[in-house]
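Please read the structure below before turning to the comments.
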Amino acid sequence: MNDTTIIDTGRSVAPVEKLLTLEGDVHRQIRATYRGAKAEDRDTILDLLKEMHEEVSIYTMNEDKIIDKIDTIINNGVCFLAVVDDEVVGSLGCEPSQTWYSDDVFLGERWTFVKEDYRRSTIAKDLLNIADDFSTKMDMILVIGVFSPKRTAGKNALFRRVFKPMGEFF
């Protein structure tokens, strides 16, 4: 696999491979590879985000806006993919952002999603840790959160295991 350059810094994300245990009725080990997304991954990411939208969204979906956001993040942000047996099973996308009151730039998470069959593993936590490590290397604060009224408690619990909370949305 090739490294993928992200956020116009000349830095790259080398693929990382990890052996995981997928919990369920029958525990099995899986090998997950984590890598940066490339332009040719757009349709795969779009399919994941459509699946995420069906599960948790409170708004209607505009596919053109999703495609534009994927392209923006691949070209100007960072998108990490989790791959098992040549199938993308999870993704986390972030982009440089600013608050309305400051010129300071932070890394704003736009999505974190893992296919349902792979949620009883550490894939989501791994993606969060990879994004956190990346933001630290970029000397940027990572701002990440849950923006859905569905399955909120579990997502918040996962995020609290990885990050210190900075506030809440209501």
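Filtered by the rule that a residue be aliphatic (A, V, I, L, M) and either under 15 Å from Val78 (Cβ atoms) or at pLDDT 95 or above (or both), region 100-116 gives Val105, Leu107. Among the residues of region 85-107, those identified as over 18 Å from Met52 (Cα atoms), part of a strand (DSSP E or B) and not acidic (Asp, Glu) are Pro96, Ser97, Phe106, Leu107.
For region 58-76, the tally of residues that are touching a Phe, Trp or Tyr at 6+ places or on another chain (Cβ under 9 Å) and either open to solvent by 80 Å² or more (accessible area, probe 1.4 Å) or not in a helix (DSSP H, G or I) (or both) stands at 1. Taking the condition over 14 Å from the mean Cα position of the chain (by Cα), of a type in the set (Val, Ile, Thr) and modelled with pLDDT of 90 or more, does Val84 pass? In short, yes.
For Glu55, are the conditions met, namely being loosely packed, with under 14 Cβ neighbours inside 10 Å, out of contact with any Cys (no Cβ under 9 Å at 6 or more places or on another chain), at pLDDT below 95 and closer than 18 Å to Thr122 by Cβ? Considered against the rule, which asks whether it is loosely packed, with under 14 Cβ neighbours inside 10 Å, out of contact with any Cys (no Cβ under 9 Å at 6 or more places or on another chain), at pLDDT below 95 and closer than 18 Å to Thr122 by Cβ, Glu55 comes out as no. Quick check on my filter: what residues within region 109-129 are open to solvent by 20 Å² or more (accessible area, probe 1.4 Å) and within 9 Å of the chain's Cα centre (by Cα)? Listed by number, the residues that qualify are Glu109, Arg110, Thr112, Ala124. The residues of region 32-51 that are under 23 Å from Asn129 (Cβ atoms), surrounded by fewer than 17 Cβ atoms within 10 Å (Cβ to Cβ) and not hydroxyl-bearing (Ser, Thr, Tyr), listed by number, are Lys38, Glu51.
The values are calculated or read from the model by the stated rules, or taken from the named source; none is laboratory data. This is a predicted model, so every value here is computed, not measured. Cβ sites come from the backbone with ideal geometry, for glycine too, and all protein chains shown count toward neighbours. All accessible areas refer to the heavy atoms of the entire protein, side chains included, with ligands and DNA or RNA removed. Shrake-Rupley method; radii C 1.70, N 1.55, O 1.52, S 1.80 Å.
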